[in-house]
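Everything on this sheet refers to the single structure shown next.
The values are calculated or read from the model by the stated rules, or taken from the named source; none is laboratory data. Note that the structure is predicted; figures quoted are calculated from it, not measured. Here the Cβ positions follow ideal geometry from the backbone for every residue, glycine too, while neighbour counts run over all protein chains shown. Protein only, heavy atoms only, side chains kept; ligands, DNA and RNA dropped before computing areas. Shrake-Rupley method; radii C 1.70, N 1.55, O 1.52, S 1.80 Å.
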Amino acid sequence: RAGRGRCVLIAGEAGIGKTSLLDAAMQADQGAVQWLRAGCDSLHTPRPLGPLVDLCDAFPEPLARAVHAGKTYNGLFPALLAWVRNAEPARVLVIEDLHWADEATLDCVRYLGRRLTGAGCALVLTLRSEQLEAQPPLRTTLAALNGEATTRIELKALSPAAVAMLARRHHRSAEGL
(Lines give C-alpha, C1' and ligand atoms only; values in the text may rest on other atoms or scores of the structure.)
Protein backbone atom coordinates (compact mmCIF):
# COMPACT_ATOMS: atom_id res chain seq x y z
CA ARG A 1 0.00 0.00 0.00
CA ALA A 2 3.01 2.27 0.50
CA GLY A 3 3.93 2.00 -3.18
CA ARG A 4 6.89 -0.30 -2.64
CA GLY A 5 6.15 -3.32 -4.79
CA ARG A 6 7.01 -6.71 -3.41
CA CYS A 7 7.27 -10.25 -4.64
CA VAL A 8 6.42 -13.03 -2.20
CA LEU A 9 7.29 -16.67 -2.91
CA ILE A 10 5.39 -19.24 -0.87
CA ALA A 11 6.94 -22.67 -1.29
CA GLY A 12 6.30 -26.06 0.22
CA GLU A 13 5.32 -29.60 -0.54
CA ALA A 14 1.93 -30.51 -1.98
CA GLY A 15 -0.83 -30.12 0.61
CA ILE A 16 1.30 -28.21 3.12
CA GLY A 17 -1.11 -25.24 3.26
CA LYS A 18 0.00 -22.69 0.66
CA THR A 19 -3.56 -22.10 -0.54
CA SER A 20 -4.90 -22.06 3.04
CA LEU A 21 -2.34 -19.38 3.92
CA LEU A 22 -3.52 -17.26 0.98
CA ASP A 23 -7.18 -17.78 1.93
CA ALA A 24 -6.42 -16.57 5.47
CA ALA A 25 -4.49 -13.53 4.17
CA MET A 26 -7.36 -12.55 1.88
CA GLN A 27 -9.88 -12.92 4.68
CA ALA A 28 -7.74 -10.92 7.11
CA ASP A 29 -7.26 -8.14 4.53
CA GLN A 30 -10.97 -7.19 4.70
CA GLY A 31 -10.95 -5.48 1.30
CA ALA A 32 -8.03 -3.09 1.85
CA VAL A 33 -6.42 -4.24 -1.41
CA GLN A 34 -7.68 -5.74 -4.65
CA TRP A 35 -6.82 -9.44 -4.86
CA LEU A 36 -6.41 -10.96 -8.32
CA ARG A 37 -5.90 -14.69 -8.01
CA ALA A 38 -5.32 -17.34 -10.65
CA GLY A 39 -3.24 -20.44 -11.04
CA CYS A 40 -1.35 -22.65 -13.43
CA ASP A 41 -2.77 -26.01 -14.40
CA SER A 42 -1.14 -29.43 -14.56
CA LEU A 43 -1.67 -29.86 -18.29
CA HIS A 44 0.43 -31.84 -20.76
CA THR A 45 0.49 -28.72 -22.92
CA PRO A 46 0.30 -25.70 -20.59
CA ARG A 47 -1.85 -22.80 -21.80
CA PRO A 48 0.29 -19.79 -22.75
CA LEU A 49 -0.30 -17.09 -20.13
CA GLY A 50 -3.02 -19.25 -18.57
CA PRO A 51 -3.27 -17.34 -15.27
CA LEU A 52 -3.51 -14.00 -17.07
CA VAL A 53 -6.17 -15.34 -19.44
CA ASP A 54 -8.16 -16.44 -16.39
CA LEU A 55 -7.92 -12.90 -14.96
CA CYS A 56 -9.06 -11.09 -18.11
CA ASP A 57 -12.50 -10.31 -16.67
CA ALA A 58 -10.80 -8.28 -13.90
CA PHE A 59 -8.55 -6.37 -16.31
CA PRO A 60 -9.50 -3.20 -18.18
CA GLU A 61 -10.47 -3.93 -21.79
CA PRO A 62 -7.18 -2.77 -23.39
CA LEU A 63 -5.18 -5.00 -21.04
CA ALA A 64 -7.47 -7.98 -21.68
CA ARG A 65 -6.99 -7.45 -25.43
CA ALA A 66 -3.22 -7.40 -24.92
CA VAL A 67 -3.41 -10.73 -23.06
CA HIS A 68 -5.32 -12.32 -25.93
CA ALA A 69 -3.01 -10.79 -28.55
CA GLY A 70 -0.08 -12.44 -26.77
CA LYS A 71 2.50 -9.83 -27.79
CA THR A 72 4.31 -10.22 -24.51
CA TYR A 73 7.27 -7.82 -24.52
CA ASN A 74 5.83 -5.41 -27.10
CA GLY A 75 2.49 -4.83 -25.46
CA LEU A 76 1.24 -7.08 -22.71
CA PHE A 77 4.05 -6.97 -20.14
CA PRO A 78 4.49 -3.18 -20.21
CA ALA A 79 0.69 -2.69 -20.11
CA LEU A 80 0.32 -5.05 -17.16
CA LEU A 81 3.17 -3.35 -15.31
CA ALA A 82 1.61 0.10 -15.92
CA TRP A 83 -1.75 -1.17 -14.66
CA VAL A 84 -0.33 -2.59 -11.42
CA ARG A 85 1.89 0.46 -10.89
CA ASN A 86 -1.11 2.78 -10.99
CA ALA A 87 -3.22 0.70 -8.66
CA GLU A 88 -5.71 2.34 -6.35
CA PRO A 89 -6.32 0.53 -4.10
CA ALA A 90 -3.12 -1.50 -4.08
CA ARG A 91 -3.30 -4.84 -5.85
CA VAL A 92 -2.13 -8.31 -4.96
CA LEU A 93 -1.57 -10.46 -8.04
CA VAL A 94 -1.47 -14.14 -7.02
CA ILE A 95 -0.27 -16.90 -9.32
CA GLU A 96 -0.62 -20.30 -7.70
CA ASP A 97 1.16 -23.50 -8.70
CA LEU A 98 3.94 -21.73 -10.59
CA HIS A 99 5.70 -25.09 -10.97
CA TRP A 100 3.13 -25.85 -13.72
CA ALA A 101 3.57 -22.53 -15.54
CA ASP A 102 4.24 -22.25 -19.23
CA GLU A 103 7.29 -20.30 -20.37
CA ALA A 104 5.29 -17.17 -21.29
CA THR A 105 3.90 -17.00 -17.75
CA LEU A 106 7.42 -17.46 -16.35
CA ASP A 107 8.61 -14.62 -18.59
CA CYS A 108 5.81 -12.42 -17.24
CA VAL A 109 6.76 -13.26 -13.64
CA ARG A 110 10.39 -12.42 -14.39
CA TYR A 111 9.43 -9.16 -16.12
CA LEU A 112 7.15 -7.99 -13.30
CA GLY A 113 9.34 -9.34 -10.51
CA ARG A 114 12.30 -7.26 -11.65
CA ARG A 115 10.24 -4.05 -12.04
CA LEU A 116 7.82 -3.98 -9.10
CA THR A 117 9.81 -1.43 -7.12
CA GLY A 118 7.67 1.67 -6.92
CA ALA A 119 4.48 -0.19 -7.79
CA GLY A 120 1.39 -0.41 -5.62
CA CYS A 121 1.37 -4.15 -6.11
CA ALA A 122 2.49 -7.39 -4.54
CA LEU A 123 3.17 -10.38 -6.76
CA VAL A 124 2.51 -13.53 -4.74
CA LEU A 125 3.65 -16.84 -6.18
CA THR A 126 3.08 -20.33 -4.82
CA LEU A 127 5.04 -23.38 -5.87
CA ARG A 128 6.01 -26.84 -4.80
CA SER A 129 9.60 -26.66 -3.65
CA GLU A 130 10.27 -30.26 -4.68
CA GLN A 131 9.63 -29.25 -8.31
CA LEU A 132 12.50 -26.76 -8.46
CA GLU A 133 15.19 -29.29 -9.38
CA ALA A 134 13.08 -30.70 -12.22
CA GLN A 135 12.21 -27.26 -13.64
CA PRO A 136 15.32 -25.31 -14.77
CA PRO A 137 13.21 -22.50 -16.36
CA LEU A 138 11.40 -22.03 -13.04
CA ARG A 139 14.69 -21.90 -11.11
CA THR A 140 16.08 -19.36 -13.57
CA THR A 141 12.96 -17.22 -13.27
CA LEU A 142 13.06 -17.18 -9.47
CA ALA A 143 16.78 -16.40 -9.47
CA ALA A 144 16.12 -13.36 -11.69
CA LEU A 145 13.64 -11.70 -9.30
CA ASN A 146 14.69 -8.52 -7.52
CA GLY A 147 16.31 -9.91 -4.38
CA GLU A 148 15.75 -6.79 -2.29
CA ALA A 149 12.04 -6.75 -3.08
CA THR A 150 11.44 -10.50 -2.74
CA THR A 151 10.40 -12.38 0.38
CA ARG A 152 10.71 -16.16 0.36
CA ILE A 153 8.51 -18.23 2.67
CA GLU A 154 9.17 -21.97 2.92
CA LEU A 155 6.28 -23.72 4.67
CA LYS A 156 7.28 -26.66 6.84
CA ALA A 157 5.15 -29.53 8.08
CA LEU A 158 3.49 -29.10 11.46
CA SER A 159 5.08 -30.80 14.44
CA PRO A 160 3.15 -33.60 16.18
CA ALA A 161 2.48 -31.17 19.06
CA ALA A 162 1.03 -28.58 16.67
CA VAL A 163 -1.18 -31.21 15.01
CA ALA A 164 -2.42 -32.30 18.44
CA MET A 165 -3.21 -28.70 19.40
CA LEU A 166 -5.22 -28.14 16.19
CA ALA A 167 -7.05 -31.42 16.70
CA ARG A 168 -7.99 -30.42 20.25
CA ARG A 169 -9.36 -27.10 18.99
CA HIS A 170 -11.73 -29.08 16.79
CA HIS A 171 -12.60 -31.53 19.57
CA ARG A 172 -10.84 -34.37 17.75
CA SER A 173 -8.19 -36.87 18.63
CA ALA A 174 -4.73 -36.35 17.15
CA GLU A 175 -4.16 -40.09 17.11
CA GLY A 176 -3.45 -41.27 13.58
CA LEU A 177 -3.11 -37.78 12.10
With a probe of 1.4 Å, find how much accessible area region 32-73 has per residue, and write the answer as a whole number in Å².
57 Å²
Would you mind computing, in nm to one decimal, how far apart the modelled labels at Val163 and Arg65 are, each placed 7 Å from Cα along Cα→Cβ?
5.5 nm
For Arg37, what residues show an amide H to amide H distance below 5 Å, using hydrogens built from the backbone and excluding near sequence neighbours?
Val94
Can you give me the distance in nm between label points at Thr19 and Lys156, each placed 7 Å from the Cα along the Cα-to-Cβ direction?
2.5 nm
Applying the Karplus parametrisation 6.51 cos²θ - 1.76 cosθ + 1.60 with θ = phi - 60° to the phi angles of region 141-154, what ³J(HN,Hα) value in whole Hz is obtained for each residue in order, glycine and proline being reported as x?
4, 5, 5, 7, 5, 5, x, 6, 10, 10, 10, 10, 10, 9
Count neighbours as other Cβ atoms within 10 Å of each site's Cβ, and list the GluC sites (Glu not before Pro) in region 93-177 that are DSSP loop with at most 13 such neighbours.
Glu133, Glu175
Translational D (Stokes-Einstein, µm²/s) of region 1-107 at 37 °C and 0.692 mPa s when Rh comes from the Kirkwood sum over C-alpha pairs?
220 µm²/s
On Cα atoms only, tilt of 103-113 relative to the major axis of the chain in degrees
90 degrees
Using only alpha carbon positions, build the gyration tensor of region 75-169, then give the equivalent ellipsoid semi-axes as the square roots of 5 times its eigenvalues, largest first, whole angstrom.
29, 19, 11
Run the helix sum for the chain: -39,500 (n - 2.57) per DSSP H stretch of 4+ residues, divided by residue count, reported at 222 nm to the nearest 500 deg cm²/dmol.
-10500 deg cm²/dmol
With the other protein chains left in place, how much accessible area per residue, in square angstrom, belongs to region 74-121 at a 1.4 angstrom probe?
38 Å²
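Just how large is the dipole of region 44-115 about the Cα centre, in debye to the nearest 20, putting +1 at every Lys and Arg Cβ and -1 at every Asp and Glu Cβ?
About 340 debye.
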Relative to the chain, whose Cα atoms define the longest principal axis, helix 18-29 and its Cα axis are tilted in degrees, nearest 10, by 80 degrees
Could you look at the chain and say what percent of its accessible area is carbon and sulfur, using a 1.4 Å probe and all protein chains?
51 percent
